[in-house]
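The values are calculated or read from the model by the stated rules, or taken from the named source; none is laboratory data. Because the structure is predicted, anything quoted here is derived from the model rather than measured. Heads up, the Cβs are rebuilt from the backbone with ideal geometry, glycines too, and the neighbour counts pull from every protein chain shown.
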Amino acid sequence: MALIQNEEQAFRLAKAIVSDILLYNQDKVKTGIENDNLFEKLNAELDEGKKLFQSRVDKSIPISIFDRAVVDVLFKSSGRYDSKIW
């Protein structure tokens, strides 16, 4: 399988990975946002997702694309949860 070399395609992949993390960990996302410890709650899942992303994209693609997908998918879609800081 060829590695993704286009940043737009890499971002779509990252969003798909993070969307799956959200889908399969909705309770962790909710409590993580409510208790301001989202990254602690999802540490293992996000690490696994980041490794998958890196295995599918060319090394020239910045890892910040994955981080941007985390913000876009997890935070923007989770605005319905109560949070002390958001």
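One table, with the values for the structure above:
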| item | result |
| --- | --- |
| Test set (1) at pLDDT 90 or above; (2) more than 19 Å from Glu8 (Cβ to Cβ) - Tyr81 fails condition number | (1) |
| Criterion (aromatic (Phe, Trp, Tyr) and modelled with pLDDT under 95) met by exactly one of Phe75, Phe11, Phe53 | Phe75 |
| Condition met for Phe53 (among the aromatic types (Phe, Trp, Tyr) and closer than 14 Å to Phe75 by Cβ) | no |
| Counted residues, segment 46-69 - those being in a helix (DSSP H, G or I) and either of a type outside the set (D, E, K, R) or in contact with a Phe, Trp or Tyr (Cβ under 8 Å, 6 or more places away or on another chain) (or both) | 12 |
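Conditions tested, residue by residue: (1) surrounded by 17 or more Cβ atoms within 10 Å (Cβ to Cβ); (2) of a type in the set (Asp, Glu); (3) over 13 Å from the mean Cα position of the chain (by Cα).
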| position | (1), (2), (3) |
| --- | --- |
| Glu8 | no, yes, yes |
| Gly32 | yes, no, yes |
| Asn43 | no, no, no |
| Lys59 | no, no, yes |
